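The values are calculated or read from the model by the stated rules, or taken from the named source; none is laboratory data. Every value quoted in this text rests on a predicted model; they were computed, and no experiment measured them. Note that we place each Cβ from the backbone using ideal geometry, even for glycine, and neighbour counts take in every protein chain shown.
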Amino acid sequence: MIIYLLKMKIKNFNINYKKQKGIVLIILILFITILVSFDFFKNVFSIIKYSKDDRIIRNSKFCENDSQGFVGYINKNYSFESNPILLNNTISPISDWIYFDFKKEQNKNELILLNYDETQIIKTKLKNSKFIVQKVPPLLSEIKGINIYFEDKLEIDKTFEVNLYKVQNKKRENLISKQILFKKGLNNKFINLLLNDSEGGKLRSYMIEIKPFKKGIIKNVNLIINNQIKLNDYQIIEKKQNCYFLRKND
């Protein structure tokens with residue numbers, strides 16, 4: 001009887017051991033699968049092989065959105081005695097954490113400028129018979145003008161009323177209202193404005209209204225803007241695409 005009970009215990013032990021071993025094996029397989037799916041081994045290799053700046057350059061967008069790749073490239077290739085100012089002309093997270101050192105002062109003569117063009121053409125979208133500019137560059141300083149394109153050349157002289165509105169904090173402000181004569185034979189016209197709007201908020205938008213509005217006449221409308229930074233005031237130390245490392249002229 002004792003021998004029988006002993007054999008049964010050994011048998012149950014073997015069964016439980018095999019079950020536990022199977023469970024451990026399943027957990028191990030799941031764990032390895034998770035590590036592989038998150039590129040764990042690749043990331044560890046990258047951390048060991050590459051410096052912080054090299055990892056940023058390899059794995060981030062270079063000159064787009066937050067442009068961490070360009071900032072990492074500048075940080076790798078230049079030694080900063082003080083912290084340059086960083087300005088990004090898109091609404092994106094600031095990337096100065098890559099180089100910023102709290103022990104150093106800020107250098108107002110050096111500037112990292114991201115996603116920047118002095119003059120930009122901003123396209124509009126037609127909505128409810130009005131042309132909408134939904135997003136504007138944060139560094140906008142001046143509305144240079146409005147470009148209106150027609151589907152076909154005008155057959156007769158025609159006068160349109162052109163209104164430009166700024167929409168901010170759910171309020172609409174009329175910036176200009178003009179009666180513009182469009183001559184026969186035109187297929188596009190530039191309306192010169194040179195309107196300073198550097199104090200507007202980053203999340204402002206613009207609306208262009210052209211009256212009388214009739215579908216099939218106006219093809220599209222663009223807003224032409226100037227941005228704040230004048231590149232001629234700086235020495236270009238490094239330029240990649242439309243990202244810059246600048247030093248102010250003496």
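Yes or no: LEU186 in contact with a Leu (Cβ under 8 Å, 6 or more places away or on another chain), in the same structural domain as ILE148 (by TED's automatic domain parsing), of a type outside the set (D, E, K, R) and without any contact (Cβ under 8 Å) to a residue 60 or more places away in the chain?
For LEU186, the condition - in contact with a Leu (Cβ under 8 Å, 6 or more places away or on another chain), in the same structural domain as ILE148 (by TED's automatic domain parsing), of a type outside the set (D, E, K, R) and without any contact (Cβ under 8 Å) to a residue 60 or more places away in the chain - is met.
Any residue at all in region 53-66 that's out of contact with any Ser or Thr (no Cβ under 9 Å at 6 or more places or on another chain), modelled with pLDDT of 85 or more and either closer than 30 Å to ILE122 by Cα or not in a helix (DSSP H, G or I) (or both)?
Checked against the condition, which is being out of contact with any Ser or Thr (no Cβ under 9 Å at 6 or more places or on another chain), modelled with pLDDT of 85 or more and either closer than 30 Å to ILE122 by Cα or not in a helix (DSSP H, G or I) (or both), region 53-66 yields at least one hit.
Among LYS171, LYS153, which is the only one that is under 28 Å from the mean Cα position of the chain (by Cα), over 29 Å from LYS230 (Cβ atoms) and at pLDDT below 95?
Going through LYS171, LYS153 in turn, the sole match is LYS171.
Are there any strands (runs of 3 or more DSSP E) wholly within region 97-149 with 2 or more residues that are of a type in the set (Val, Ile, Thr) and in contact (Cβ under 8 Å) with a residue 12 or more places away in the chain, and if so which?
119-123, 130-133
Check region 203-220 and report whether any residue there is of a type in the set (S, T, N, Q) and modelled with pLDDT of 95 or more.
No: region 203-220 contains no residue that is of a type in the set (S, T, N, Q) and modelled with pLDDT of 95 or more.
Could you check how many residues of region 201-227 are within 16 Å of TYR116 (Cα to Cα) and either part of a strand (DSSP E or B) or in the same structural domain as ILE112 (by TED's automatic domain parsing) (or both)? Step through it out loud before you land on a result.
Let us first name the residues in region 201-227 that are within 16 Å of TYR116 (Cα to Cα), namely 202, 224-227.
Filter once more, so that each one left must be either part of a strand (DSSP E or B) or in the same structural domain as ILE112 (by TED's automatic domain parsing) (or both): 224-227.
Of the residues in that region, 4 qualify.
Among the residues of region 177-202 satisfying the criterion of being within 28 Å of the chain's Cα centre (by Cα) and surrounded by 13 or more Cβ atoms within 10 Å (Cβ to Cβ), which is farthest from LYS158 (Cα to Cα)?
Here the answer is GLY200.
Mind telling me which of the residues LYS248, LYS170 ends up being touching a helix residue (DSSP H, G or I) at 6+ places or on another chain (Cβ under 8 Å) and loosely packed, with under 15 Cβ neighbours inside 10 Å?
LYS248
Cβ-Cβ under 6 Å, sequence separation 6+ or interchain: first residue in region 76-89 and without any contact (Cβ under 8 Å) to a residue 60 or more places away in the chain and on the phi > 0 side of the Ramachandran plot, partner in a loop (DSSP other than H, G, I, E, B) and loosely packed, with under 14 Cβ neighbours inside 10 Å. Which pairs?
none
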